[in-house]
Amino acid sequence: MKSLILGGVKSGKSRYAEQLANDSGRPVTIIATATGDDAGMRARIARHQAERNPQWQLVEEPLRLGEAIAGIEEGHCVLVDCLTLWLTNLLMLDSEDSLNGELQSLKTAVQDCRHRLVMVSNETSMGIVPLGELSRRFCDEAGLLHQSMAQHCDEVVLMVAGLCHRLK
């Protein structure tokens, strides 16, 4: 079973994804894509770590997500948190080759994945079109990424105000 959990900031998506991982009955490996570049992000990461089951294995991988998913031991539940932070990391490299290669690697890893897979991502494109070129590019790439991942997932959920809305 492959799940994509979408939602806005503080919508409850990580909490819901963690519940799915707990309910899987499998050993859980979380792949964290965030980098602690500023105090606010470091605090957010620390909060997630404190709330997370201490028995879970942690893989920190800000760039090579497809490779990380493919490398997890068979029989685990893999929780990816989150796709949009990973996408941001790639866009900041300012390398089309890296971006395209990593997007393809992720798509292949998700298609081939035999784990229970739960992926978390921020839904960002439900408002006005951003003014800045990089912001518009991010929203466009995130939308395309979500479409691609949804196509390969059995379940797609949109979280709003802590409530789960099943899309697929």
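The values are calculated or read from the model by the stated rules, or taken from the named source; none is laboratory data. Since the model is a prediction, treat every value here as computed from it, not as a measurement. Methodologically, a virtual Cβ is constructed for each residue, glycine included, from the backbone with ideal geometry; neighbour enumeration extends over all protein chains shown. Quick note on the areas: whole protein, heavy atoms, side chains included, nothing else; ligands and nucleic acids left out. Shrake-Rupley method; radii C 1.70, N 1.55, O 1.52, S 1.80 Å.
Numerical summary
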{"quantity": "Residues of the range 92-106 that turn out to be in contact with a helix residue (DSSP H, G or I) (Cβ under 6 Å, 6 or more places away or on another chain) and not hydroxyl-bearing (Ser, Thr, Tyr), as a count", "calculated": "3"}
{"quantity": "Members of the range 106-136 that are open to solvent by 40 Å² or more (accessible area, probe 1.4 Å) and among the polar types (S, T, N, Q)", "calculated": "Thr108, Gln111, Thr124, Ser125, Ser135"}
{"quantity": "Residue check, Asp112 more than 20 Å from Gly8 (Cβ to Cβ), free of Cβ contacts under 8 Å to residues at least 12 places away in the same chain and among the acidic types (Asp, Glu)", "calculated": "no"}
{"quantity": "Of residues in the range 16-46 being under 16 Å from His165 (Cα atoms) and either touching a residue at least 24 places away in the same chain (Cβ under 8 Å) or touching a Cys at 6+ places or on another chain (Cβ under 9 Å) (or both), the one least open to solvent (accessible area, probe 1.4 Å)", "calculated": "Ala17"}
{"quantity": "Hits in the range 47-61 - residues which are surrounded by 10 or more Cβ atoms within 10 Å (Cβ to Cβ) and not basic (Lys, Arg)", "calculated": "His48, Gln49, Glu51, Asn53, Trp56, Gln57, Leu58, Val59, Glu60, Glu61"}
{"quantity": "Boolean, Ala142 is touching a Ser or Thr at 6+ places or on another chain (Cβ under 9 Å), part of a helix (DSSP H, G or I), free of Cβ contacts under 8 Å to residues at least 60 places away in the same chain and open to solvent by less than 20 Å² (accessible area, probe 1.4 Å)", "calculated": "yes"}
{"quantity": "Some residue of the range 12-25 being among the basic types (Lys, Arg) and over 14 Å from the mean Cα position of the chain (by Cα)", "calculated": "no"}
